Each structure stands twice: as C-alpha cells, then as structure tokens.
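The values are calculated or read from the model by the stated rules, or taken from the named source; none is laboratory data. For clarity, every value in this text was computed on a predicted model and none was experimentally measured. Glycine gets a Cβ as well: all are built from the backbone with ideal geometry, and neighbour counts include every protein chain shown. These accessible areas exclude ligands, DNA and RNA; they are computed on the full protein's heavy atoms, side chains included. Shrake-Rupley method; radii C 1.70, N 1.55, O 1.52, S 1.80 Å.
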Amino acid sequence: MNLASLLLLLMFLTISYCSKSQVSKDQIKLNTLHQKTETIRHTLGFYYKSYYAKIEATDETLEKRDYQNKIDSLDKLTDINNNEELLIDLKFVKTHLSSPISLHALLYRLERREGLNYYKEIYSLFNSLNPALKKTEKGVELKEALLNFKNSSVGKMAPDFSVEDIKNNELVLSSFRNKKYVLLDFWASWCVPCRQDFSFMKEIYQKYNSKDLEIINISRDENNELWKRAIENDSIGMWRHFSLKENKSSVEKLFFVTAIPVKILINKEGIIIGRWRGSGEENIAAIRKSLRETFME
C-alpha cells in the first residue's frame, strides 16, 4: 500500500470512528433525558406484575374486578409517561438534525401508540433532517412509514388488497365497495387481548351483519395449525379470515400496523372512518359509538 492509499484509509477510519463516537454520545444524551420516564416505567411495571399476580391468585369476582380497575389506572399513567417521553424525543431531534439517533427516535415514536397524535410533528422533523440522513436505509424506511401512516388514517381511502382466505377463496377488499361496511381486525392466536375482544366482536357481528357489516380477521400467526385452532376454539369462523404469512402479504405495512390488536372500520365508499389500537373497555366503547353513528341508531 502506497502512502497516499494509507492516508486515505486512515482518514476513512478516523471519520468512521468520529461518527460512531458521536452516535454513542447522542445515545447517552438521549438516555440521560429518559432517566425520569424510565424510572416511572420500571415502577409501573412492578405494580403491573403485582396486580396480574393477584388476579391469578384469587377466584373472587369482585377482587378480580378491583385489580383490573387498578391495571386500567396504570394503563392511563403509562400513556401519560410515554407521551412525556415522546415530547422529550421530539425536542431532542430538533437540536440534533444530523444525528442517526434522531432518525431512530422518530421511527420508534411513529410506530408506537403515543405517536398516533403526532404525525404532523414527526413528518415536519423528518423533512428537517440532514438530507444525507434521509437517504440512508433507515431514512427511506421512515419515509415509507410516514406515507403508509398518512394513507391509512381516518378519512383516507382504504388501501386495497387481494389475498386468498382461509377457505382458499379470493378476498379483495375493494369488492366490498358500495356493498358492505368492513371491520378489519389484525390479530394472532398468541395475542391474549386480541382474543379477549372476540366476545364483543361476535356481539356486533350478530347485531350488524344483517345491516351489511363484514368482519375480516388478518392473522400474524406463523403457525397455521395454531391459527386455525384458535378460530375453531373461539367460534369465529362465521366471518372472513386470512393469514399474512400464507399470502406473503404486506397488508400490515399498507395499514401501518406495528402492534396488535388493531381494528379499522371502513364505510361502503371504501373510506376509513375509525381506527383503534389496543384492547380494553375504552376502545370497545369507542367502537360501539362509531357503529351506532354509522348505522344511525
């Protein structure tokens, strides 16, 4: 190796080292800013574990209900804490527009529940990032995620898909247009909150199917047998089902589903009129309200 080549190699290694060093410093800085929210998260985690253990340990209905109410209160505190951490991250990004850590922070927050209400802020910050950063693999991923988020939000035309359902029949979302309301439910057999919602979903299916409501369950299952067994055991074979794995489908990406359960209500015109992430009484109440308004009850 000649001297010129050696100097170029040393320059590259120095730049690479400095870049990695700066990334480490930025990560440490952000971790330090998270100290308070992390402490709260660990404390909440302790109480979650305690209350779930107490629910398992008692057969008393009233006691179970009391502990579940406490868990619901923890959920609200968790949401507040996560939202506080998101605001910390957004503030960090504003002053670190050339840091890869900012890129990771924006993508992480967009994919989480608390990010649903901050699309405009995240989109604006992404556009303000260093142009070179936006061209990286992670930058392209964030750009695509922002687009999918926007295109699958309430008020938008639902992205179309064509798959094969559990009965080997073709299932095309747009084929329901001008005929049916559609409730998409992203779930998996191993997802306890997903399956806890099925009693509620059976109720609304029985009530509104005659009024043109169709339910399509979209499974994340990797194991076909477990998927099919769950459908049989939970007696939900009356509505439509398809597997993401079996169809090698990108439907989750199109609808920006990063965690389950997620339910999306689509009207007869193909417009998304409701979107809910997670489980629990608040979501069930919100879905009931949306259906009452949709069917003008």
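Yes or no, residue by residue, for (1) closer than 16 Å to residue 34 by Cβ; (2) buried (at least 17 other Cβ atoms within 10 Å of the Cβ):
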site	(1), (2)
62	no, no
70	no, no
90	yes, yes
103	no, yes
113	no, no
121	no, yes
128	no, no
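Condition (residue is open to solvent by 20 Å² or more (accessible area, probe 1.4 Å), in contact with a strand residue (DSSP E or B) (Cβ under 8 Å, 6 or more places away or on another chain) and assigned to a strand (DSSP E or B)) applied to the stretch 151-159: is it met by at least one residue?
There is at least one residue in the stretch 151-159 that is open to solvent by 20 Å² or more (accessible area, probe 1.4 Å), in contact with a strand residue (DSSP E or B) (Cβ under 8 Å, 6 or more places away or on another chain) and assigned to a strand (DSSP E or B).
If only one of 147, 226, 184, 171 is among the aliphatic types (A, V, I, L, M) and over 27 Å from residue 290 (Cβ atoms), which one is it?
Values: 147 fails: over 27 Å from residue 290 (Cβ atoms); 184 fails: over 27 Å from residue 290 (Cβ atoms); 171 fails: over 27 Å from residue 290 (Cβ atoms).
Unique residue meeting the criteria: 226.
Take the conditions at pLDDT below 95 and open to solvent by 60 Å² or more (accessible area, probe 1.4 Å) and apply them to residue 141. Does it pass?
Yes.
For the stretch 233-252, state whether one or more residues are touching a His at 6+ places or on another chain (Cβ under 6 Å) and within 23 Å of residue 148 (Cβ to Cβ).
No: the stretch 233-252 contains no residue that is touching a His at 6+ places or on another chain (Cβ under 6 Å) and within 23 Å of residue 148 (Cβ to Cβ).
Being open to solvent by 60 Å² or more (accessible area, probe 1.4 Å) and either more than 14 Å from residue 75 (Cβ to Cβ) or not in a helix (DSSP H, G or I) (or both) is the filter here, so list the residues in the stretch 29-48 that pass it.
Hits for the stretch 29-48 are 29, 31, 32, 33, 35, 36, 38, 39, 42, 43, 46.
Here is a list of conditions, (1) open to solvent by 60 Å² or more (accessible area, probe 1.4 Å); (2) closer than 24 Å to residue 276 by Cα, and residue 86 meets all of them except one; can you say which number that is?
The failed condition is (1).
Would you mind finding the one in 179, 167 that is open to solvent by 30 Å² or more (accessible area, probe 1.4 Å), assigned to a loop (DSSP other than H, G, I, E, B), of a type in the set (Lys, Arg) and free of Cβ contacts under 8 Å to residues at least 24 places away in the same chain?
Values: 179 fails: free of Cβ contacts under 8 Å to residues at least 24 places away in the same chain.
That would be 167, the only listed residue that is open to solvent by 30 Å² or more (accessible area, probe 1.4 Å), assigned to a loop (DSSP other than H, G, I, E, B), of a type in the set (Lys, Arg) and free of Cβ contacts under 8 Å to residues at least 24 places away in the same chain.
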